[in-house]
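Asks: One structure, pasted below without further comment.
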Amino acid sequence: MSDHAGTGPGALVLRSARVAGRIVDITIEAGVVTAIGPELTASRDAEVVALDGRSVLPGLWDNHVHFDQWTLARKRLDLGSARSADEVAALVARRMRTDPPAQGAALVGVGFRDALWPDVPHRDLLDPVTGGTPVVLVSADLHCCWLNSAAARAYGWATHPTGVLRETDWHPIMEDTRKVPASQLDAWAGEAAQAASARGVVGVIDFEAPWQLDAWAGRISRGCTALRVVSSVWPSHLDQAISRGLRTGDPIPGTAGLLTMGPLKVVSDGSLNTRTAYCQDPYPGLEGTAHPCGVLLVAPEDLVPLLRKAAAAGIDAAVHAIGDRANTFALDAFAASGARGRIEHAQLLSEPDVARFAELGVVASVQPEHAIDDRDVADRYWKGRTSRAFPYRSLRDAGAELVFGSDAPVAPLDPWVSIAAAVRRSADDRPSWHGEQEIPFDVALAASAGPDGPIRVGRRADMIVTEDVPAELDPSALRTLPVAGTMVGGRWTHRAGLESP
């Protein structure tokens, strides 16, 4: 169930809740925890919910999502199972037979990972099964696309040799594939938000380009209130945010506290799967090419003034950096600009840079499931360097603050998946990949638990109820942990099997 934002919920008492190993009652009034203890007295008008020993935990946040693209990916052809270009072509052919797009519309697929394929994507593989229907296939990392000839012509790339466009070449196409009627997108976004709530999510940091603040304000006003949303701004709209006087953390009027201004998002390099993450060493097989070490999308001489400008306006920075050289440049930019904020991904770090996160107060915003998805790709393309890839334990031991996200649609918008991947770096029968970088459950939970901290009197009642005790579960069981209830500000946004006596 999902409720609209309003003046605030009434009093609520959670009976026999398990909190940090104790069985207690929890009283919530006006969206805030007001009492914790055994056998609390409920006021006459309070709703009482018997939890019967179920666990109550802080509500979970996904600290890195591309929400509209996640929303759309849930409706599009899923290519994640494909292990070759030929398999992708077969999936496309099946969809064209069973559920082709409307006349004049494009078929959009998402989630292919070609770094380890035995063959290579090429429009010649798609053309025989798609004819004149434009086909746009988006990579799992969102850093490239694969077009058939009809789509290549439509987007002005008719003479491109392969139909595979990377980084900035494909960005205009990405924007075009997001164009669906606003009412339809809002309805689908509501469904996606509700699905996230059912997994215990109370808030997201949305890095959708270029700036979704006003779109979210509209959605919330129309009843999409399952999540708190922090909306980032990209460089193209930074001046607009500054002119409106918005600073990171500012609540947006008319959204009942659900929407706040976020950081400036800057993408400084590419990605591992696309072999464009900017590294010190060349990628195997790319020696002698134009970009053997990956692609630097924002040079240091441009990044420093951009971060300085944002900082002067009270806007934090969130800098995407995946390769080790890109991370060095990003940390240098934080040091030179005095900006506050985060590095997004931090997938490959040089040894000296690990300690610099804590020294500079830069948050490591990481996506643990990427370590699971990318282990084989990293073993091939970062061979000899994977001891410093996805180095979560090293960052934590050095004193850095960790926050977890999914990068949805790159990985599912499900914090339990992220927590499980951080606790055990394997999702199959293979041994843990660089198990020395695993972190304890309590650290992983805290990295997903958002800004309000542990359950205590005085905190916002952004909380979840789970059927099991998560800390006692095997990591594989965490991935499918049942969530019985989720509340935002004391208001149920998801409730399954929790009844009032």
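The values are calculated or read from the model by the stated rules, or taken from the named source; none is laboratory data. Just so you know, these numbers come straight off a predicted model, no measurement behind them. All Cβ positions, glycine included, derive from the backbone under ideal geometry; neighbour counts span all protein chains shown. Heavy atoms of the whole protein, side chains included, go into the accessibility calculation; ligands, DNA and RNA do not. Shrake-Rupley method; radii C 1.70, N 1.55, O 1.52, S 1.80 Å.
Asks: Give me the residue from region 32-54 that is touching an Asp or Glu at 6+ places or on another chain (Cβ under 9 Å) and within 17 Å of ARG459 (Cα to Cα) and, out of that set, surrounded by the most Cβ atoms within 10 Å (Cβ to Cβ).
Replies: If we take residues in region 32-54 being touching an Asp or Glu at 6+ places or on another chain (Cβ under 9 Å) and within 17 Å of ARG459 (Cα to Cα), then ILE36 is surrounded by the most Cβ atoms within 10 Å (Cβ to Cβ).
Asks: Filter region 233-248 down to residues that are of a type outside the set (Phe, Trp, Tyr) and free of Cβ contacts under 8 Å to residues at least 60 places away in the same chain, then give me how many there are.
Replies: 7
Asks: For ALA158, which of the numbered conditions (1) buried (at least 16 other Cβ atoms within 10 Å of the Cβ); (2) out of contact with any Lys or Arg (no Cβ under 8 Å at 6 or more places or on another chain) fails to hold?
Replies: Failed condition: (1).
Asks: Could you list all residues from region 307-344 that are closer than 21 Å to ALA389 by Cβ, in contact with a helix residue (DSSP H, G or I) (Cβ under 6 Å, 6 or more places away or on another chain) and crowded, with 24+ Cβ neighbours inside 10 Å?
Replies: VAL319, ALA321, ASN327, ILE343, listed by residue number.
Asks: Applying the selection to region 277-314, what residues are closer than 26 Å to TRP382 by Cα and outside any loop (DSSP other than H, G, I, E, B)? Before the answer, list the steps.
Replies: Within region 277-314, the first condition is being closer than 26 Å to TRP382 by Cα, and the residues that meet it are 277-300, 303.
Across region 277-314, the qualifying residues are LEU296, PRO300, LEU303.
Asks: Cβ-Cβ below 6 Å, separation at least six or inter-chain, first residue in region 287-309 and over 16 Å from THR328 (Cβ atoms), second open to solvent by 30 Å² or more (accessible area, probe 1.4 Å): which pairs?
Replies: Close Cβ pairs satisfying both conditions: PRO292/PRO282; PRO292/LEU286.
Asks: Does GLY458 qualify as being closer than 29 Å to GLY31 by Cα, touching a Lys or Arg at 6+ places or on another chain (Cβ under 8 Å) and either in a loop (DSSP other than H, G, I, E, B) or at pLDDT 95 or above (or both)? Before you say what the answer is, go through the steps one by one.
Replies: Numbers: closer than 29 Å to GLY31 by Cα: yes; touching a Lys or Arg at 6+ places or on another chain (Cβ under 8 Å): no; either in a loop (DSSP other than H, G, I, E, B) or at pLDDT 95 or above (or both): yes.
So GLY458 fails the test.
Asks: Can you tell me which condition LEU297 does not meet? The list is (1) open to solvent by 10 Å² or more (accessible area, probe 1.4 Å); (2) out of contact with any strand residue (DSSP E or B) (no Cβ under 9 Å at 6 or more places or on another chain), and all the others hold.
Replies: Tallying (1) open to solvent by 10 Å² or more (accessible area, probe 1.4 Å); (2) out of contact with any strand residue (DSSP E or B) (no Cβ under 9 Å at 6 or more places or on another chain), LEU297 fails exactly one: (2).
Asks: Under 8 Å by Cβ, and 6 or more places apart or on different chains, what pairs join a residue from region 310-329 that is closer than 18 Å to PRO235 by Cα and in contact (Cβ under 8 Å) with a residue 60 or more places away in the chain with one that is in a helix (DSSP H, G or I) and small (Gly, Ala, Ser)?
Replies: Listed pairs, sorted by first residue: ALA313/ALA241; ILE315/ALA241; ASP316/ALA310.
Asks: Also, quick follow-up: So SER418 clears everything in (1) farther than 23 Å from VAL33 by Cβ; (2) surrounded by fewer than 23 Cβ atoms within 10 Å (Cβ to Cβ); (3) touching a strand residue (DSSP E or B) at 6+ places or on another chain (Cβ under 9 Å); (4) of a type in the set (Gly, Ala, Ser) except one condition, right? Which one?
Replies: Of the numbered conditions (1) farther than 23 Å from VAL33 by Cβ; (2) surrounded by fewer than 23 Cβ atoms within 10 Å (Cβ to Cβ); (3) touching a strand residue (DSSP E or B) at 6+ places or on another chain (Cβ under 9 Å); (4) of a type in the set (Gly, Ala, Ser), the odd one out for SER418 is (2).
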